[in-house]
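Engineer: To start, I am sharing the structure in question, which I have written as structure tokens.
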Amino acid sequence: MSYPVLILGGTSEARALAAALHARGVAVMSSLAGRVERPRLPEGEVRLGGFGGPDGLTAWLAKHDVRAVVDATHPFAARITDSAVAATARAGVPLLRLERPGWTQPDGADWRWVDSLEEAAELLPSLGERAFLTSGRQGLAAFADVDAVWFLIRCVDPPEAPLPQYHELLLDRGPYTVDRELELLRTHRIDVLVSKDSGGSMTAAKLTAAARHGIPSVIVRRPPRPDTPTVSDVDDALHWALEVA
């Protein structure tokens, strides 16, 4: 079957774009990595799992007569973005990156920027003893040897070992409220927060709560991205896809 538009990613922006295209009668395929056990599925057709690198994605684009690709993956999903850039270039298919803006530091907030989870793990013992770790279940091994810190680890699905020796696991899914996050910080006596710069409103409440609670936030910068046409608004991506496809 032919799919004029392929959307990569299961972000809220990807789902909104898929719904808008589906409502206009466009045959759209959304591709999700399949790392979440119970993902929120977008409207239209959905596939789970990878393509097998740039070669596999190039072949898939040709087989399904794709005329436009929108990369709406998570800001830290660098591998699929690299594959999308390479595959669309080979196939001659236009590519647009739909990416939510990063977070803006609130007035009075104490943010410590780092380039990786490993750097965050090295910094933590100098900032606090009880950390709220909200970087997702990928990459938690970076904190496995941090024995001087107790961790409250929040993620959607159970993470795989290795994990820090002293931790409590909280399985939960946003959106979250500031009041709820403040209560979580108080209940668990949290004195430092760790997060990736994912952006968006669904999980931003923790940053506001940390600032109000007077604790530092360790923020992992986004990885560098290829030079690709990029928009941050779903409507802009919709107009582009309708024109191109």
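The values are calculated or read from the model by the stated rules, or taken from the named source; none is laboratory data. This is a predicted model, so every value here is computed, not measured. A quick note on method: Cβ atoms are made from the backbone with ideal geometry, for glycine too, and the neighbour counts reach across all protein chains shown. Each accessible area value is taken on the protein alone, full model and side chains, heavy atoms only, with ligands, DNA and RNA left out. Shrake-Rupley method; radii C 1.70, N 1.55, O 1.52, S 1.80 Å.
Engineer: Could you tell me which residue of the range 122-167 is most open to solvent (accessible area, probe 1.4 Å), considering only residues that are of a type in the set (D, E, K, R) and under 20 Å from Ala209 (Cα atoms)?
Structural biologist: Glu129
Engineer: I would also like to ask the following. Is it fair to say Lys196 is open to solvent by less than 30 Å² (accessible area, probe 1.4 Å), in contact with a Ser or Thr (Cβ under 7 Å, 6 or more places away or on another chain) and not small (Gly, Ala, Ser)?
Structural biologist: no
Engineer: Please identify the pairs in which a residue from the range 172-191 that is open to solvent by 80 Å² or more (accessible area, probe 1.4 Å) has its Cβ atom under 7 Å from the Cβ atom of a residue that is among the charged types (D, E, K, R), counting only partners at least 6 apart or on another chain.
Structural biologist: Arg189/Arg130
Engineer: Restricting attention to the range 102-118, does a residue exist that is more than 30 Å from Val5 (Cβ to Cβ) and buried (at least 20 other Cβ atoms within 10 Å of the Cβ)? Lay out the reasoning, then the answer.
Structural biologist: First, pick out the residues of the range 102-118 that are more than 30 Å from Val5 (Cβ to Cβ): 104-118.
Now drop any that are not buried (at least 20 other Cβ atoms within 10 Å of the Cβ), which leaves 117.
Within the range 102-118, one or more residues are more than 30 Å from Val5 (Cβ to Cβ) and buried (at least 20 other Cβ atoms within 10 Å of the Cβ).
Engineer: Can you name the residue in the range 42-74 that is more than 16 Å from Val93 (Cβ to Cβ) and either of a type in the set (Val, Ile, Thr) or touching a helix residue (DSSP H, G or I) at 6+ places or on another chain (Cβ under 7 Å) (or both) and is also most open to solvent (accessible area, probe 1.4 Å) among such residues?
Structural biologist: Glu43
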